[in-house]
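Let me begin by presenting the structure, written as structure tokens, before commenting on it.
Derivation of every value follows stated rules applied to the coordinates shown; laboratory data play no part. From a predicted model like this one, the values you see are computed outputs, not experimental measurements. Counting neighbours? That spans all protein chains shown, and the Cβs are built from the backbone with ideal geometry, glycine included.
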Amino acid sequence: MKSFNIALLGGDGTGPDVVAEGVKVLDAVGKKFDIDFQYEKALIGGCAYDEFHNPLPEVTINIAKASDAVFLGAVGDWKYDTLPPEVRPERALLGIRKALNLFANLRPARVFEELVSSSPLKPELVSGVDIMIIRELTGDVYFGCPKGVESKNGKKIGFNNMIYTEDEVRRIAHVAFRTAMKRSKKLCSVDKANVLDVSRLWREIVIDVSKEYPDVELSHMYVDNAAMQLIRAPKQFDTIVTGNIFGDILSDEASMLPGSLGLLPSASLSDSSLGMYEPIHGSAPDLKGKNTVNPIATILSASMMLKYSFGMDDASAEIENAVKSVLKSGYRTPDIYVDGMQKVGTVQMGDLIAEQVLK
Ligand code: IPM
Ligand code: MG
């Protein structure tokens, strides 16, 4: 029997609630495909700060490194908002990305036909949208030095450094081209090359890498235009590759195409098969334990785990199909509820999808 070790990092707020539903669905997959999933829990974010005065303790990093994949809920709670920046829960997220070298963040934004009416945008605009945003995750202003707040002539100045090395651009470009090859062979690289030197290097390197992928149609777009085009005509996009900060913003924007943050999964990948899988939504601490949040983003993240870390494409598709089928049957969590549908909670949604996997 095949076996995989999964580090379970529920985190804060509703993170553990949704991860529990993801585990339920993984266990259903295990049963069906005769795979043994072993889980090891570890603390991250505010809950780790409470226990260790450190949002990302060494023990958590070690458990994550020793696993085959990391399954993460979400971090953060308002009660930690007054902590110094170096121990805030969000820091743990950046820290674990760096510690595991998770430089490639895949954020699909796909509109399920069943949910077209849940989007705030017109149905004809979003119906059929299927975009893969590939965000570089360990560089850019997020990690660039020098950074800080200093005083000069009695006035404070704050600064961060937007920086990419040629090698960093090259490796994310390869991930993007390979992804585009498996999709519709269209890649749009988003930058701000009309203003930023770092973007001019980005574009130069992406063009250089493109020579190795002659079948992929490469285009370039400035980030401000991309933000506009994503709403004006989202179906023009297939695969998008961009840097850390632009990707952070554009992926939140793209999440509104399907209508709810509660639907969007993500995968953060390294050079090895070890990856981290998490919903793109936050921890929503006010909803903790209320059985209302949507577990679908987390369940679809488990599906990405099967595909990208375990090479189980069939099992991955099985989860996606189960989600679609449950939605087709009319079950909705409150965030995607519309009149005439059957409202269910977090736990029931997890149960329904797990049952569907086993059918
Ligand atoms: C994300 C989040 C994080 C980021 C925050 C919480 C540090 O917004 O994963 O997109 O900016 O990367
Ligand atoms: Mg973000």
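Ellipsoid fit via the Cα gyration tensor, segment 199-305: semi-axes of 30, 18, 12 Å, each the root of five times an eigenvalue, largest first.
Inter-part distance, segment 39-85 to segment 119-173, computed on C-alpha centroids, equals 23 Å.
Separation of the alpha carbons by more than 32 angstrom is noted, of K290/K324; K41/K147; K31/K328; K122/K328; K2/K41, for K41/K147.
Using a Gaussian network model of the chain in which every pair of alpha carbons under 10 angstrom is joined by a spring, one finds that among F246, F143, F52 the greatest mean-square fluctuation is at F52. Under a model in which nothing but the beta-carbon of Lys, Arg (+1) and Asp, Glu (-1) is charged, the chain shows a dipole of about 420 debye around its Cα centre.
Electrostatic bookkeeping for G46 treats Lys and Arg as +1 and Asp and Glu as -1; over the other residues with beta carbon under 12 Å from its beta carbon, the sum is -2. Loop-located trypsin sites (Lys or Arg not before Pro) in segment 185-230 (DSSP state not H, G, I, E or B) with no more than 16 neighbouring Cβ atoms inside 10 Å: K185, K211.
Each Cα pair under 8 Å and six or more residues apart adds its separation to the average, and for the chain the resulting relative contact order is 22 percent. Treating the Cα atoms of the chain as identical point scatterers in vacuum, please give the log10 of the normalised Debye intensity I(q)/I(0) at q = 0.15 Å⁻¹, two decimals. Those come out to -1.40, one per q. Can you tell which of M349, S325, P258 lies farthest toward the positive end of the dipole of the chain, using +1 and -1 charges on the Cβ of basic and acidic side chains (Lys, Arg; Asp, Glu)? Checking the options against the dipole of the chain, the answer is P258. Computed packing ranks the peptides 110-117, 253-260, 123-130 as 253-260, 110-117, 123-130, most packed first, by mean other Cβ atoms within 10 Å. Can you find, among A92, G148, G46, the residue sitting farthest towards the positive end of the charge dipole of segment 33-157, where Lys and Arg contribute +1 and Asp and Glu -1 at Cβ? Looking along the dipole axis, the top candidate is G148.
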